[in-house]
Structures are given as C-alpha cells and as structure tokens.
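Below: one structure, written as structure tokens.
The values are calculated or read from the model by the stated rules, or taken from the named source; none is laboratory data. Everything numeric in this text was worked out from a predicted model, so none of it was measured. Positions of Cβ are backbone-derived with ideal geometry, glycine not excepted, and every protein chain shown enters the neighbour counts. Areas reflect the complete protein model, heavy atoms only, side chains present, ligands, DNA and RNA absent. Shrake-Rupley method; radii C 1.70, N 1.55, O 1.52, S 1.80 Å.
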Amino acid sequence: MKDIKNLTLNYVTAFNNKSIKDILSLVDENIFLKDPANEISNKTDLSSFLKTFFENSISFSAKQIICEEN
C-alpha cells in the first residue's frame, strides 16, 4: 500500500512541476489513458499529450490521496 501512495505522491509532484520526464519515468511502457477527448496507449503519445497540455495555463493540486487494498 505504501508503494502506491508514494508512487501517487511522486506523480503529483512531477505533474505540479510539469516534468514530462519524471511523469514518464513513473508510468509503464504500455500505459493506457482515456478521457472524453483523448485515447493514449504508449509513452510517446503521452509525452506529446503532456507537452500540449502543459503549454496551457493549468493548475493542479491533490486535495486528498486515498489508497485502498483491492
């Protein structure tokens, strides 16, 4: 459980710092991310997406991180 929380905290920090390199180091090569406007299925596409995403004025803060065992 601690590993998941630490991974999440590291992701939040990387995201807040807009560090694409750090974000990519935290995700699997076969990442799959889907939202209403995007479908990303690899690190190359994620990198491109994040570059465009971070060029916009974006603010992000984690209010709460909850980890539960499945």
Among the residues of region 33-51, count how many are more than 21 Å from Leu9 (Cβ to Cβ) and in contact with a strand residue (DSSP E or B) (Cβ under 7 Å, 6 or more places away or on another chain). 2
Go through the residues of region 6-22 one by one and say whether even a single one is loosely packed, with under 10 Cβ neighbours inside 10 Å, aromatic (Phe, Trp, Tyr), in contact with a Phe, Trp or Tyr (Cβ under 9 Å, 6 or more places away or on another chain) and at pLDDT below 95. no
Criterion violated by Lys18 - all others in (1) in contact (Cβ under 8 Å) with a residue 60 or more places away in the chain; (2) among the basic types (Lys, Arg); (3) on the phi > 0 side of the Ramachandran plot satisfied: (1)
Taking the conditions exactly as written (open to solvent by less than 100 Å² (accessible area, probe 1.4 Å) and out of contact with any helix residue (DSSP H, G or I) (no Cβ under 7 Å at 6 or more places or on another chain)), does Ile58 satisfy them or not? yes
Output the qualifying pairs, or none if there are none: Cβ atoms under 8 angstrom, residues six or more apart or on different chains, first residue in region 39-51 and more than 16 Å from Ser25 (Cβ to Cβ) and open to solvent by less than 40 Å² (accessible area, probe 1.4 Å), second residue in a helix (DSSP H, G or I) and of a type outside the set (Asp, Glu). Ile40/Leu46; Ile40/Phe49
How many residues does region 35-70 contain that are under 16 Å from Asn17 (Cα atoms) and of a type in the set (Ser, Thr, Tyr)? 5
